[in-house]
Amino acid sequence: MDCPKCGHSQENTVKCASCGVYFAKLAPPAAPARAVVVPVAADRGFSIGALVLAAVAAGGVVYYLMRGAHSAHAPAAVATAAAPVQPGPATPDTGPVAAAASAVSAVEAARSATVFIRTAWGFGSGFIIDAECHVVTNRHVVETDATRVTASVDHNPDIQSTIAVTQQRLQNAILTAQLHRHVIANQPGSNLERMQLDDQIRQMQQTLATLPKQVDAEVASRVNDADQSGFSVTLLDGTHYDGLHARLATNADLAVFQLPANGCPFIVADRNAALRVGQRVYTIGNPSGLAYTVTSGVVSGQRQMEGQSYVQTDAPINPGNSGGPLITEQGRVIGINSRVMRGVQGIGFAIPIDAVYSEFPEMVPAR
């Protein structure tokens, strides 16, 4: 490469051998982030640090990369499922107090019908929609098309940021190894250590050059494995199911699957709901692995994006919430939490529940 400061041409990508400047100091500042609507795919909940580390490990350079440092993005911890809250005895109708108590009871009931979904490459949410134990979620939560999943990784700024951090640490590790190699260059009896250092430096340089491709390959491998083994689901009461597979929608970010159970608790769909701006709503899901978290907000509007209708809300929708329900105070589901506007706070989007029945007409309840 050519030094941006003095023009000296060399192979070393860390420091100029002519003027001594470190190239990282000359990198232009990052452009301000633009607000963009994206699936909550980080929601993919990729254990980002673990994913990148797995790719780096494939290059055999963990020793120098981790020496004296910890991963910038540790894998998200998965919270233990809490026991269901038992509703208390009925109380007399006292106006607003009774309405608030009713809302709490309805939300708690919906929470018991929300599920935690774990795949080989991340986690997300879903909810049981009928007594036959059908579960609705986002397609991108259970997607098993390796090409589509790796494409989402390539466009995910959180994962790309982690890759950039890892690349910088690799550059620092290479420099440390090169300096140590220089120190022992003329020391007697250091031939073996120098050979080992040369091999480690070579491996790190190769990994540095190919890290994004290695991450894609690691993701593709996990997705392909999951296509065979399926994904797992855990309910609020701790009931666990493995080896599940979903049917994927063609025209929307939706998927459905059925649990091998009977008489499941479920959330009633509020089809053709006449939503009001300012109407109180709740999201239920597993943001960053914190299972069965409830957040609240209001309906902010209804939008059209890429030919799809969405309910806009300021109720927090975070990574891991993908596929979870957006419900009313009466505990009825009006949408599937799906997207956020990256770069701003308080703007999330849910696919209207009616879209489930458009994509999967067999799900329409019999009259």
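The values are calculated or read from the model by the stated rules, or taken from the named source; none is laboratory data. All of these numbers come straight from a predicted model, not from anything done at the bench. For neighbour counting, all protein chains shown are included, and Cβ atoms are generated from backbone atoms with ideal geometry for every residue, glycine included. These accessible areas exclude ligands, DNA and RNA; they are computed on the full protein's heavy atoms, side chains included. Shrake-Rupley method; radii C 1.70, N 1.55, O 1.52, S 1.80 Å.
In the stretch 177-194, of all residues being outside any loop (DSSP other than H, G, I, E, B) and touching a Lys or Arg at 6+ places or on another chain (Cβ under 8 Å), the one that is nearest to G20 (Cα to Cα) corresponds to R181. Take A209 and decide whether it is open to solvent by 60 Å² or more (accessible area, probe 1.4 Å), out of contact with any Pro (no Cβ under 9 Å at 6 or more places or on another chain) and part of a helix (DSSP H, G or I). Answer is yes for this residue. Residues of the stretch 182-206 that are open to solvent by 60 Å² or more (accessible area, probe 1.4 Å) and small (G, A, S): G189 alone.
Could we say that F257 is within 19 Å of D354 (Cα to Cα) and within 21 Å of the chain's Cα centre (by Cα) here? So F257 fits the description; yes. Residues in the stretch 287-318 that are assigned to a strand (DSSP E or B) and open to solvent by 50 Å² or more (accessible area, probe 1.4 Å) were compared, and the one that is nearest to R118 (Cα to Cα) is V294.
For the stretch 319-331, the count of residues that are touching a helix residue (DSSP H, G or I) at 6+ places or on another chain (Cβ under 7 Å), open to solvent by 50 Å² or more (accessible area, probe 1.4 Å), more than 19 Å from L248 (Cβ to Cβ) and part of a loop (DSSP other than H, G, I, E, B) is nonzero.
Within the stretch 255-286, the set of residues being in a loop (DSSP other than H, G, I, E, B), within 22 Å of S112 (Cβ to Cβ) and in contact with a helix residue (DSSP H, G or I) (Cβ under 7 Å, 6 or more places away or on another chain) comprises P265, I267, R271.
A search for C-beta distances below 7 Å between a residue of the stretch 274-289 that is closer than 12 Å to V311 by Cβ and of a type outside the set (F, W, Y) and any residue that is in a loop (DSSP other than H, G, I, E, B) and open to solvent by 50 Å² or more (accessible area, probe 1.4 Å), counting only pairs 6+ apart in sequence or on different chains, returns T283/P316.
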